Amino acid sequence: MTLGEAIRKRREGLKLSQGYVAEQLGVSRQAVSKWETGQAEPTASNLVRLAEVFQISLSELVEPCAGQEEGDHAARREKKPNPILRANLIKMAITAQAALWFNCTSVIYQFQHSDALMHSLYRGALAVSLVLLLLSSVWMAANHLYEPDRGRRRKNTLIELGYCCVQLAADLLTIRFGLGLVGGALIIAVGCVYILYINPRFMGRKLTR
């Protein structure tokens, strides 16, 4: 309830005319009409006199309005999902995972073709790469939690699991045949197809404009 509605409701409840209220406050009837329709607001002194005319306290007069304003502020403060930010975070997670797939592939390939002295170095690099790959995969999976439809969330999770299997196959091919940059290009291509085609076409997530 707005302040104007509170004034009108109280005046009508007491069966007072706008003219009478205006006369008691020393203002015009049009001023009272504007207060009630929300075209203008009474001054602080007029509010005090209104409360006296209506035989209520000032807090009782303005409380309905204050409650409405608090509700409006709370609604404005309520966080709404930002689709652009969400899409960017999803793309970042997919891109990071694809980069880490290739990084792991490169480290494994170098490990296989290095001498014994370099094994410890590549072993440590591989451990770090695998941990980062796991974290990026968890990040990708966590993005599904923002999907309100559980059925679609389950479907999207399965599709993403299939995508990860395809990326794993591309990595194994790169390692097995020593594809190098060609293997990197293959991993990037799989990620681009996933972002540009699979997500909007089958997962209901438009990640590009």
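The values are calculated or read from the model by the stated rules, or taken from the named source; none is laboratory data. Owing to the predicted nature of the structure, the values given are computational and were not obtained by experimental measurement. Positions of Cβ are generated from backbone atoms using ideal geometry, with glycine treated the same way; all protein chains shown enter the neighbour counts. Ligands, DNA and RNA are stripped out before the accessible areas are found, and what is left, the full protein with its side chains, is counted by its heavy atoms. Shrake-Rupley method; radii C 1.70, N 1.55, O 1.52, S 1.80 Å.
Considering only the range 121-129, I want to know if a residue exists there that is in contact (Cβ under 8 Å) with a residue 24 or more places away in the chain, in contact with a Leu (Cβ under 7 Å, 6 or more places away or on another chain) and at negative phi.
Taking the range 121-129 first, the residues in contact (Cβ under 8 Å) with a residue 24 or more places away in the chain are 129.
In the following step, the residues that additionally are in contact with a Leu (Cβ under 7 Å, 6 or more places away or on another chain) were identified as 129.
Still in the running and at negative phi: 129.
So far as the range 121-129 goes, yes, one or more of its residues are in contact (Cβ under 8 Å) with a residue 24 or more places away in the chain, in contact with a Leu (Cβ under 7 Å, 6 or more places away or on another chain) and at negative phi.
Being touching a Phe, Trp or Tyr at 6+ places or on another chain (Cβ under 7 Å), touching a residue at least 60 places away in the same chain (Cβ under 8 Å) and part of a helix (DSSP H, G or I) narrows it down to one of I94, I159, so name that one.
Details: I159 fails: touching a residue at least 60 places away in the same chain (Cβ under 8 Å).
Every option except I94 fails the conditions.
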With respect to L172, determine if the residue is assigned to a loop (DSSP other than H, G, I, E, B), open to solvent by 30 Å² or more (accessible area, probe 1.4 Å) and within 30 Å of H113 (Cα to Cα).
no
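Evaluate the range 45-65: report whether one residue or more is open to solvent by 90 Å² or more (accessible area, probe 1.4 Å), basic (K, R) and at pLDDT 70 or above.
Filtering the range 45-65 for residues open to solvent by 90 Å² or more (accessible area, probe 1.4 Å) gives 49, 52, 55, 60, 63.
Subset that is basic (K, R): 49.
Now narrow it down to the ones that are at pLDDT 70 or above: 49.
Yes, the range 45-65 contains at least one residue that is open to solvent by 90 Å² or more (accessible area, probe 1.4 Å), basic (K, R) and at pLDDT 70 or above.
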Determine, yes or no, whether W139 is within 25 Å of L196 (Cα to Cα), open to solvent by 60 Å² or more (accessible area, probe 1.4 Å) and in a helix (DSSP H, G or I).
yes
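Quick check, is L186 surrounded by 15 or more Cβ atoms within 10 Å (Cβ to Cβ) and either assigned to a helix (DSSP H, G or I) or in contact (Cβ under 8 Å) with a residue 40 or more places away in the chain (or both)? Before you say what the answer is, go through the steps one by one.
On the way: surrounded by 15 or more Cβ atoms within 10 Å (Cβ to Cβ): yes; either assigned to a helix (DSSP H, G or I) or in contact (Cβ under 8 Å) with a residue 40 or more places away in the chain (or both): yes.
Yes: the conditions hold for L186.
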Conditions first: (1) over 45 Å from the mean Cα position of the chain (by Cα); (2) surrounded by 15 or more Cβ atoms within 10 Å (Cβ to Cβ); (3) in a helix (DSSP H, G or I). V27 passes all but one, so which condition is the exception?
(3)
